[in-house]
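Worksheet: the structure to be examined is printed underneath.
The values are calculated or read from the model by the stated rules, or taken from the named source; none is laboratory data. Keep in mind that what you see is a predicted model, and the values were worked out from it rather than measured. Note that each Cβ is placed from the backbone with ideal geometry, even for glycine, and that neighbours are counted across all protein chains shown. Surface accessibility is based on the protein's heavy atoms, side chains included, excluding ligands, DNA and RNA. Shrake-Rupley method; radii C 1.70, N 1.55, O 1.52, S 1.80 Å.
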Amino acid sequence: MKRILQIFLFSGLMLAGINLNAQSQADMCINEYLVINTSDFEDDFGQHNGWIELFNSSYGTVNIGGCYLTNDPGNLTKYIIPKGDVLTKIKPRQHILFWADNQPFRGTFHINFSLQESDEILFVASDGKTIIDRIKVRRDLDSNVSYGRLDDGIGTRDGSEGWQIMQRTSPSTNNTGVDKESASVIFKRVDPFGGIMAFTAMSVVFLALILLYIVFKYIGKYNIKKSRERTEQVHGKEVADKEEENSAEIYAAISTAMHLYSMDSESHDIENTILTIARVTKNYSPWSSKIYTLRESPKRK
Amino acid sequence: MENKGVFSLLLDNLTQFLQYTGFANATWGHILMIAIGLVFIYLAIKKDWEPLLLVPIGFGIIIGNIPLFPGLSVGVYEEGSVLNILYQGVQQGWYPPLIFLGIGAMTDFSALISNPKLLLIGAAAQLGIFGAYAIALLLGFSASEAGAIGIIGGADGPTAIFLSSRLAPDLMGAIAVSAYSYMALVPVIQPPVMRLFTTNKERLIRMKPPRAVSQTEKKIFPIVGFLMTAFIVPSGLPLLGMLFFGNLLKESGVTRRLAETARGPLIDVITILIGVTVGCSTQADKFLQVKSVYIFALGALSFVIATAGGVLFVKLINIFLKDGNKINPLIGNAGVSAVPDSARVSNLIGLEYDKTNYLLMHAMGPNVAGVIGSAVAAGILLGFLS
C-alpha cells in the first residue's frame with residue numbers, strides 16, 4: 001500500500017512538472033499583428049510582409065520551440081515552430097516576431113500562411129491541442145497599421161478589451177511602454193519632498209510589526225496559561241504561583257552559575273589527558289540494515 | 001650593431017613594463033583612497049571598531065585602488081576578472097541574503113518574543129531611512145537613488161547593498177562603505193542623540209525582567225514572522241526568507257549542523273567576500289565624486305534621525321503605559337538594526353546612570369526587530385521604486 005502511495009506521489013510530481021512546462025508556454029501571448037505591409041518594416045530578405053508578434057508575459061525564459069502557429073482552428077498544427085533554435089527561447093518580458101509571408105523555407109520565423117487570407121491567429125502549445133492564445137484578424141485595418149495590446153500581455157483574447165489600433169507599429173518592442181516614465185521619476189514628480197513615501201512606507205512597516213506584535217502577544221499569553229496548567233497539575237497551585245514569578249533572568253543566573261561550577265570544579269568529564277568514553281547509539285538505518293544487504297537464508301522444507 | 005639592438009630591445013621592454021606599473025598610472029585619487037583604506041584598517045586593529053567588517057573593506061579599498069593599466073583583466077570592473085566574478089555576488093545581490101541566513105541562525109529572538117511590544121520600536125527607528133530619503137530628494141537625487149541612500153539609516157550593511165544593487169548600482173560602493181562605516185561608528189553617533197532626547201529620570205527607568213520563553217514559541221516565531229511579513233511585503237522575500245529560515249534552523253533543534261554552518265563558516269566566507277569586493281568597488285574614479293560626500297553626510301544624518309525616532313517613540317508609548325510597565329527610552333536607539341552594537345550602546349549608557357540597571361537583554365528586542373523592520377522597509381522601497 002505504501003509503495004502504491006509512493007508511486008502515486010511520484011507520478012503526481014512528474015505530472016506537475018509537465019504541467020509547469022505547459023504553464024510557462026501559457027505565459028506567451030499574441031501581442032500585435034500587422035496584416036498589410038506595403039511600406040512598413042522589411043524582413044531580413046528585404047520584403048514587406050505582414051507579421052505576428054508574440055510576447056513572453058512571465059519573468060522566466062520560455063522556450064516556444066515545438067509550439068504551433070495557425071490560422072485554422074481545424075488544423076492546430078499548421079506551422080510548427082522548429083525545436084533546437086536558440087532564438088526560440090524567449091527571455092522574460094521580451095517579444096518575438098514571425099513574418100506571415102507563407103514562405104516557411106526562409107527560416108524559423110517565416111510561417112506558412114499569410115494574414116490577408118486569415119480570419120484568426122492561434123498560438124498552440126507543444127502538445128498540438130491546447131490553444132494558448134487566439135485573436136480574430138480585423139479586416140478593417142489600413143495598410144501599415146497594426147492592431148495590438150495597449151499594454152504588453154494585458155487584454156482579452158477576443159480583442160474586445162485591452163486592444164487598440166496602434167498609432168505606430170512596434171514589432172519586437174513594447175507597444176506603448178517605451179516612453180513610459182519609470183516609477184522613480186513618477187515618485188519624484190508626485191512626491192518631491194518624500195512625505196507620501198515616508199508616511200506610506202512607515203505605515204506598512206508598522207502594520208507588519210504590529211501584526212507580529214498582536215500574534216505573539218496572544219501566543220505568549222496562551223503559552224503562559226498552558227505552562228501554568230501543566231505545573232498546577234504536577235506540582236499544585238502554590239508551585240505554579242511561585243514559578244510564574246520567576247523571570248528569564250533567574251533561569252539565566254542559574255544556568256550561568258551551573259556553567260561556572262562545571263568549569264571550575266573537576267567534576268566535568270572533558271579534561272586533557274583523560275579519555276572520556278561516550279556511549280554510541282546505533283540508530284536503525286536501511287543503509288546499514290542487514291535485511292536489505294543479505295540474501296534470505298535458504299529454508300529447508 | 002647587434003649589441004645596440006639588444007640594448008634597445010631591453011630599453012623598450014623596460015619602458016613598456018614601467019607603463020604597466022602602478023607608479024606610472026597613479027593619481028592623487030588612488031593615493032587618497034589607499035590612505036582611506038589604511039585608516040579603516042587602523043580603526044579596526046587599533047580601535048577595535050567592527051574589525052570583521054573594516055579589515056576586509058579597508059584592504060579591499062587598497063586592492064581596488066592599485067593603479068592599473070586598463071585591459072589587463074584584473075580590475076573589479078573588468079568583465080571576467082577574478083575580482084569581477086567575486087563582485088557579482090554584490091552586484092546581483094546574492095551575498096546579502098546569505099548573510100541574512102547566517103544572521104537568522106545566530107539571532108535569539110526570545111527577548112522580542114517575551115515582550116513583543118518592543119517590535120514597534122524596531123518599526124519607529126526606520127524613520128531614519130525615510131528622513132534621509134526626503135533630504136536626498138531635496139538635494140537633487142532621483143527617487144531610486146534617494147531610496148538606496150536612505151536605507152543606510154536602517155544600519156544594515158547587507159540590506160543597504162541589496163537595495164542599492166537594485167535601485168542605484170552606480171552608488172553602491174559609496175552606500176555600502178558608508179553603511180558599514182556608520183555601523184562601526186554607532187558607539188560614537190548614538191550616545192549624544194540619546195542623551196539629548198531623554199531626561200535623567202527617564203534614563204533611570206527599570207524595566208520588568210523578561211519572562212522565560214518556551215522552545216515552542218521560538219519555533220513558531222520564524223514561521224509566523226516570515227509568513228506575516230512576506231505576505232505584506234513580498235519584495236523583501238530574499239532577505240526576510242533567509243533571515244527567518246536561518247532562525248528556524250537554529251530553533252528547530254533538529255538541524256544543528258545546518259545552523260552551525262550558516263552562522264559559522266558560511267557567514268564568515270560571505271563576510272570576507274562581501275567586505276573585500278565592496279572595498280574593491282571603491283575605485284578612485286568611481287568613488288571620489290561630490291555625490292559620495294553627500295551620501296556620507298546623508299548616512300550620518302539618517303543614523304541620527306533613526307536613533308531619535310526610536311528614543312522619541314519609546315517616550316510616546318510610555319505615556320500610555322502604566323508605572324512598572326514603562327520602557328527605558330535608552331533602548332530606543334537599538335531599533336536601528338546594527339546588531340548587537342546599538343543594544344550594547346543602550347546598556348553602556350544605562351549603566352552610566354545606574355550601575356545596576358542592565359538594559360542589554362531589553363535592548364536586544366528592538367535590535368532584532370530593527371533587522372526585520374529594515375528588511376521590510378527595503379522591500380517597500382524596492383516595490384515602490386524599481
Have a look at B:GLY332, B:GLY373 and point out the one that is touching a helix residue (DSSP H, G or I) at 6+ places or on another chain (Cβ under 8 Å) and within 11 Å of chain A (Cβ to nearest Cβ). B:GLY373
Segment A:45-75, residues that are open to solvent by 60 Å² or more (accessible area, probe 1.4 Å) and outside any loop (DSSP other than H, G, I, E, B): A:ASN63
Within segment B:300-310, can one find any residue that is open to solvent by 20 Å² or more (accessible area, probe 1.4 Å), out of contact with any Asp or Glu (no Cβ under 8 Å at 6 or more places or on another chain) and at pLDDT below 90? no
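Select from segment B:64-85 the residues that are open to solvent by less than 60 Å² (accessible area, probe 1.4 Å) and in a helix (DSSP H, G or I) and list them in ascending order.
B:GLY64, B:LEU83, B:ASN84
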Restricted to segment B:130-147 and to residues being in contact with a Ser or Thr (Cβ under 9 Å, 6 or more places away or on another chain) and either farther than 18 Å from A:PRO192 by Cβ or surrounded by fewer than 24 Cβ atoms within 10 Å (Cβ to Cβ) (or both), the residue nearest to the other protein chains (Cβ to nearest Cβ) is B:SER142
Read through the list (1) surrounded by 22 or more Cβ atoms within 10 Å (Cβ to Cβ); (2) part of a loop (DSSP other than H, G, I, E, B); (3) within 14 Å of another protein chain (Cβ to nearest Cβ), then give the number of the only condition that B:TYR358 fails. (1)
Screening A:THR231, A:THR200 for residues that are closer than 30 Å to B:LEU381 by Cα and among the polar types (S, T, N, Q) leaves only A:THR200
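For segment B:322-345, what are the residues that are surrounded by fewer than 24 Cβ atoms within 10 Å (Cβ to Cβ) and among the small types (Gly, Ala, Ser)?
B:GLY324
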Can you name the residue in segment A:215-242 that is within 8 Å of chain B (Cβ to nearest Cβ) and of a type outside the set (Ser, Thr, Tyr) and is also surrounded by the most Cβ atoms within 10 Å (Cβ to Cβ) among such residues? A:PHE216
Mind listing just one residue for me: the one in segment B:148-175 that is assigned to a helix (DSSP H, G or I) and among the charged types (D, E, K, R) and, of those, least open to solvent (accessible area, probe 1.4 Å)? B:ARG166
If I ask for residues that are of a type in the set (Val, Ile, Thr) and out of contact with any Gly (no Cβ under 7 Å at 6 or more places or on another chain), which ones from segment B:299-338 would you list? B:VAL304, B:THR307, B:ILE317, B:ILE319, B:ILE327, B:ILE331
Go through segment A:175-214 and give me each residue that's more than 9 Å from chain B (Cβ to nearest Cβ) and either in contact (Cβ under 8 Å) with a residue 40 or more places away in the chain or open to solvent by less than 40 Å² (accessible area, probe 1.4 Å) (or both). A:ASN175, A:GLY177
Selection from segment B:1-54 of residues that are open to solvent by less than 50 Å² (accessible area, probe 1.4 Å) and over 15 Å from B:ALA284 (Cα atoms): B:GLY5, B:THR21, B:PHE40, B:ILE41, B:LEU43, B:ALA44, B:GLU50, B:PRO51, B:LEU53, B:LEU54
Can you tell me how many residues within segment B:102-129 are more than 17 Å from the chain's Cα centre (by Cα), at the interface with chain A (Cβ under 7 Å from one of its Cβ atoms) and either open to solvent by 10 Å² or more (accessible area, probe 1.4 Å) or free of Cβ contacts under 8 Å to residues at least 40 places away in the same chain (or both)? 4
Selection count where residues are more than 13 Å from chain A (Cβ to nearest Cβ) and within 24 Å of A:PHE193 (Cβ to Cβ), scope segment B:160-169: 2
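Per-residue answers, yes or no, for (1) surrounded by 14 or more Cβ atoms within 10 Å (Cβ to Cβ); (2) small (Gly, Ala, Ser); (3) at pLDDT 90 or above:
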| site | (1), (2), (3) |
| --- | --- |
| A:ILE132 | yes, no, yes |
| A:ASP140 | no, no, no |
| A:GLY148 | yes, yes, yes |
| A:GLY155 | yes, yes, no |
List, please: which pairs have Cβ atoms under 9 Å, are six or more places apart or on different chains, and start with a residue in segment A:128-154 that is within 15 Å of A:ASP72 (Cβ to Cβ) and end with one that is modelled with pLDDT under 90 and part of a strand (DSSP E or B)? A:ILE135/A:TRP163
Among the candidates B:ILE66, B:ILE57, B:ILE34, B:ILE62, residue that is touching a helix residue (DSSP H, G or I) at 6+ places or on another chain (Cβ under 6 Å), in contact (Cβ under 8 Å) with a residue 60 or more places away in the chain and more than 21 Å from B:VAL186 (Cβ to Cβ): B:ILE62
Which of (1) assigned to a helix (DSSP H, G or I); (2) over 21 Å from B:GLY370 (Cβ atoms); (3) open to solvent by less than 30 Å² (accessible area, probe 1.4 Å) is the odd one out, the single condition B:THR282 does not satisfy? (1)
